[in-house]
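These notes are about the structure you will find just below.
The values are calculated or read from the model by the stated rules, or taken from the named source; none is laboratory data. The structure presented is a predicted model; accordingly, all values stated were derived computationally and were not measured. Ideal geometry is used to build each Cβ from the backbone, glycine not excepted, and the neighbour counts take in all protein chains shown.
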Amino acid sequence: MTAQEVRLCGLLLREHFGEVVEKVGTHLLRSGAQNLRTIIHETGISLDLVKKSLCVLVQHGACVFSSGRKGPGSPTEYQASSDRILRILRYPRYIYTAKTLYGDTGEIIIEELLQRGHMTMSSNVKTVADRLTQNMEEGRSMDYSEVSSAFSNLVETHFLQRCPPLAGLGTTDASTPATPATPANPTTPSFPDCYKVPHMTLIGRGKRQLSSEDGEEQRNAKKAKLDSDTHGDEGIYWQVNFERFHLHFRDQAIISAVANKLDQTSSEIVRTMLRMSEVTTSPTATCTKPLSANEIFRSLPSSYNIPRPILDQYLTLLVDDPMEFVGKAGESGGGMYVVNLHRALANLARATLESVVQERFGSRSARIFRLLLRKRHLEQKQVEDFAMIPAKEAKDMLYTLLSQNLVQLQEIPKTPDYAPSRTFYLYTVNQLPTARMLLQNCYKTVANLIERRLYETKESKRLLEKSQRIEAILASLQASGAEPEQLTEVEEMITAPEKQQLEALRLHINKLDSAENQVDETIFLLESYVNSTATPAS
Amino acid sequence: MAGKGRGVAAFTFNIEALGIGRGSMPEARVGPSPLFPSTDFKPVPLKVGEDEDYMLALKQEMRGTMQRLPHNIKPQSNRAEVERYTERYLKQSQMDDGEWTPDWKLFPKELMPQKKKPRAKAGTKKKTVKLSRKDTDDMLSKLDALAKKGDGNPEKSDDETEKKPGDEDEEEIEGEEYDEEDIEEENDYIESYFDNGEDFAADSDDNMDGEATY
């Protein structure tokens, strides 16, 4: 965990779970695996609160526990993982994707699951049905079976998965994934039944939540809900399968890149290829399984009406493109084609790096950067010649890039004693370390954005509270049917300059929030690239 | 360093090889770089569109919701005595909304909080039974010691000994349970006494004769 990651995780924990969980979480991130007593001793927080915070962290998958390292008798140890906490940034994107794929029902299922960490299918279905019923017109309610079928669809396409079963802590069962004998691996290994929908008896419709005046009835309704709680799927908890969402985002990124570089039809072809290989490709595969041109032709959406020879031409174009999204793997069946996933990710990351250099240092520096990426190692003189930039400016730009660590210097000695006058000094760009560095910059950026937003909110706290109070007063007045004069009188309690201030504040906060979402897209690309280059642990 | 003197910077190697002339060195730094340096190139404006707006709304909603959920732990949960009374005498259902019990099968047992009112939990543990047996002896000796103090404690200790053997399902650490029992017994009012947060100390003196039952 780098310092930037820990700082960002701390801020995210604070915003969503409160300061106590933040303290416990950052302590765990910094110190590795620890047992309960050590945590209490080192953070100075009371036993009660530490226990609750650990429960919250484990519930959301941010922390795993295992029996201690010293043997079966030692106290359980807790270990937090920053990856899982950083996913919180991406929650809106997950929910939005679920909405585009599975409609409002899917959206709310994913949202509820993300908010609560993990839930049983029955409780999830009930909560979702209630929420959907709230938004429907009077008299209509959402049937549980509809929600259940949406849930099952999500499980079938692997967007949801079961939580891995845990062995009891007394046993030394090393086969369960919860015991981090291996370093904390955020990906849950697939065990049998991972995607099996349990048989559940749940019949009914969503309940509309009654207004708060009817407190008694609400309590009784709640009691009734609690009583009929067993639905045949106790102990089976579901969580969101982030990896599957990431695969989806990756595919989307590749398709939009092809659409930008070539044209819409090529992107449709690539989309078809990716869709056909969804189930046959493993998440860490370098490229999809080979597909023959005949198969692709058959699976193309009919609305596109591409005749066979045109398809062949498009495929040849895609293969010849320097971005190397599609590769040819053989000649049988009219040509076997694969989508090069890792290479596509590397190219997308490279494009991100180039664009960063361009936006920070100008297009001529970007030209030098691209040149170095392509030609690997160049001397000072060669850089000036190839980039066609006057010597003095080229030196200046190279020096700036060097000081920002985007470009490195490689020494090649002619003599064993590294004498400076007899050594070649070559400029070079290493894509992977540079990508990692930019990734850390992104984390720092998001952390800064969050801090700035918290600062802005704190500065105008008084004003925000006042406006909230006035809104509450207005709402209650309207509910109890007040005259317009009373309403305007209350509205005028906020003066015009205060209104302006509030507007400006809202604008700033929206901008900062939106910026966080968009930096997260870059984070996703760079993270996927870095992870794809990691050699798989054997 | 060779060639040091007369304020001229000297290097151990021939700088010409790097292509940087003596004259084109940037000025020496006189301190840390400024915190907000002025940039030549302003950042690209954010993407705007329906998708971005929707995700922005989702993000803000999610933040608000998560801050209201019971997962969000407020640091001042250990309040002073006055507020705890209020908490306890409020209608129980209002407290239920703030509670969240995880499924203990998935969590290590040591994370279970102590309950103020002992509730029957599934699954007994031999360990606690043994503890309670041992405790009875401790309790008896403690009883004798406390009886000498003579301020109502024997009554309290009796309750505790009754509860302990009878309640095999508690997995508490001893000391903390006793503390909570103490505090529970300190007041003389029945559970249904409802007070809305006024000063308990003053009221208790006034109403002691009328309300207290044993």
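Can you go through A:A479, A:A534 and tell me which one is loosely packed, with under 13 Cβ neighbours inside 10 Å, free of Cβ contacts under 8 Å to residues at least 24 places away in the same chain and closer than 30 Å to A:S282 by Cβ? Working first, answer last.
Working: A:A479 fails: closer than 30 Å to A:S282 by Cβ.
That would be A:A534, the only listed residue that is loosely packed, with under 13 Cβ neighbours inside 10 Å, free of Cβ contacts under 8 Å to residues at least 24 places away in the same chain and closer than 30 Å to A:S282 by Cβ.
Among (1) on the phi < 0 side of the Ramachandran plot; (2) assigned by the TED database to the domain that holds A:S292, there is one condition A:G335 misses while meeting the rest; what is its number?
(1)
Do any helices (runs of 4 or more DSSP H) entirely within segment A:1-75 hold 2 or more residues that are buried (at least 18 other Cβ atoms within 10 Å of the Cβ) and either touching a Cys at 6+ places or on another chain (Cβ under 8 Å) or at pLDDT below 85 (or both), and if so, which? If you could, list the steps in order and put the result at the bottom.
Details: elements: A:3-17, A:19-31, A:36-43, A:47-59.
So the answer is A:19-31, A:47-59.
Does segment A:301-319 contain any residue that is within 29 Å of A:E243 (Cα to Cα) and assigned to a loop (DSSP other than H, G, I, E, B)?
yes
Assuming A:E324 fulfils every condition listed in (1) at pLDDT below 90; (2) crowded, with 17+ Cβ neighbours inside 10 Å apart from one, which condition is it?
(2)
From A:R462, A:R469, A:R506, A:R453, grab the single residue that is buried (at least 16 other Cβ atoms within 10 Å of the Cβ), part of a helix (DSSP H, G or I) and basic (K, R). If you could, list the steps in order and put the result at the bottom.
Working: A:R462 fails: buried (at least 16 other Cβ atoms within 10 Å of the Cβ); A:R469 fails: buried (at least 16 other Cβ atoms within 10 Å of the Cβ); A:R506 fails: buried (at least 16 other Cβ atoms within 10 Å of the Cβ).
When all the criteria are applied, what remains is A:R453.
Working carefully through the options A:V490, A:V519, A:V530, find the one that is closer than 30 Å to A:T434 by Cα, away from chain B (no Cβ under 14 Å) and of a type outside the set (K, R).
Details: A:V490 fails: closer than 30 Å to A:T434 by Cα; A:V519 fails: away from chain B (no Cβ under 14 Å).
Only one candidate qualifies: A:V530.
Looking only at residues in segment A:78-103 that are over 27 Å from B:L106 (Cα atoms) and among the aliphatic types (A, V, I, L, M), which one is nearest to the chain's Cα centre (by Cα)? Quick ask: steps written out before the conclusion?
Initially, segment A:78-103 is screened for residues over 27 Å from B:L106 (Cα atoms), giving A:92-93, A:96-103.
Among the residues that remain, those that are also among the aliphatic types (A, V, I, L, M) are: A:98, A:101.
Working: A:A98: 13, A:L101: 17 Å.
Only one residue fits best here, namely A:A98.
Taking segment A:125-143 as the search range and keeping residues that are more than 14 Å from every other protein chain (Cβ to nearest Cβ) and of a type in the set (S, T, N, Q), which one is farthest from the chain's Cα centre (by Cα)?
Per the stated criteria, the residue is A:S141.
Scanning segment A:108-122 for residues that are without any contact (Cβ under 8 Å) to a residue 60 or more places away in the chain and surrounded by fewer than 22 Cβ atoms within 10 Å (Cβ to Cβ), which turns out nearest to the other protein chains (Cβ to nearest Cβ)?
Residues of segment A:108-122 that are without any contact (Cβ under 8 Å) to a residue 60 or more places away in the chain, as a first pass: A:108-109, A:111-112, A:115-116.
Applying the additional criterion that residues be surrounded by fewer than 22 Cβ atoms within 10 Å (Cβ to Cβ) yields A:112, A:115-116.
On the way: A:E112: 10, A:Q115: 6, A:R116: 8 Å.
Top of the filtered list is A:Q115.
Look through segment A:422-443, keep the residues that are part of a helix (DSSP H, G or I) and within 14 Å of chain B (Cβ to nearest Cβ), and return whichever of them is modelled with the lowest pLDDT.
Going through segment A:422-443, the residues part of a helix (DSSP H, G or I) turn out to be A:422, A:431-443.
Cutting the leftovers down to within 14 Å of chain B (Cβ to nearest Cβ) gives us A:422, A:441-442.
Numbers: A:R422: 86, A:N441: 94, A:C442: 95.
Taking the candidates together, the pick is A:R422.
So A:R374 ticks every box in (1) surrounded by 14 or more Cβ atoms within 10 Å (Cβ to Cβ); (2) away from chain B (no Cβ under 14 Å); (3) within 30 Å of A:P290 (Cα to Cα) but one. Which box is left unticked?
That leaves (1) as the condition not met.
Exactly one of these conditions fails for A:N510: (1) in contact (Cβ under 8 Å) with a residue 60 or more places away in the chain; (2) within 14 Å of chain B (Cβ to nearest Cβ); (3) not basic (K, R). Give me its number.
Only one criterion is unmet by A:N510, namely (1).
Being more than 7 Å from chain A (Cβ to nearest Cβ), closer than 16 Å to A:L113 by Cα and of a type in the set (K, R) is the filter here, so list the residues in segment B:42-77 that pass it.
B:R68
Find the residue count for segment A:337-370, including only residues that are hydrophobic (A, V, I, L, M, F, W, C) and surrounded by fewer than 18 Cβ atoms within 10 Å (Cβ to Cβ). Please lay out each step first, then the result.
Step one: list which residues in segment A:337-370 are hydrophobic (A, V, I, L, M, F, W, C), which gives A:338-339, A:341, A:344-346, A:348-349, A:351, A:353, A:356-357, A:361, A:366, A:368-369.
After this cut, where a residue has to be surrounded by fewer than 18 Cβ atoms within 10 Å (Cβ to Cβ) as well, the list is A:351.
Summing the residues that are hydrophobic (A, V, I, L, M, F, W, C) and surrounded by fewer than 18 Cβ atoms within 10 Å (Cβ to Cβ) in segment A:337-370 gives 1.
Would you check if there is a residue in segment A:102-118 being assigned to a helix (DSSP H, G or I), among the hydroxyl-bearing types (S, T, Y) and at pLDDT 85 or above? Give the derivation first.
Residues of segment A:102-118 that are assigned to a helix (DSSP H, G or I), as a first pass: A:102-116.
From what's left, among the hydroxyl-bearing types (S, T, Y): A:102, A:105.
If we keep only those that are at pLDDT 85 or above too, we end up with A:102, A:105.
Yes, there is a match, as at least one residue in segment A:102-118 is assigned to a helix (DSSP H, G or I), among the hydroxyl-bearing types (S, T, Y) and at pLDDT 85 or above.
I need the full set of residues from segment A:401-421 which are assigned to a helix (DSSP H, G or I) and either within 9 Å of chain B (Cβ to nearest Cβ) or out of contact with any helix residue (DSSP H, G or I) (no Cβ under 9 Å at 6 or more places or on another chain) (or both), in order please.
Of all residues in segment A:401-421, those assigned to a helix (DSSP H, G or I) come to A:401-403, A:420-421.
Listed by number, the residues that qualify are A:L402, A:S403, A:P420, A:S421.
Restricting to segment A:37-82, and then to whatever is among the acidic types (D, E) and touching a helix residue (DSSP H, G or I) at 6+ places or on another chain (Cβ under 8 Å), can you tell me which residue is farthest from A:Q239 (Cα to Cα)?
Residues of segment A:37-82 that are among the acidic types (D, E), as a first pass: A:42, A:48, A:77.
Checking the rest, the ones that are also touching a helix residue (DSSP H, G or I) at 6+ places or on another chain (Cβ under 8 Å) come to A:42, A:48.
Details: A:E42: 32, A:D48: 27 Å.
Of everything passing the filter in segment A:37-82, A:E42 is farthest from A:Q239 (Cα to Cα).
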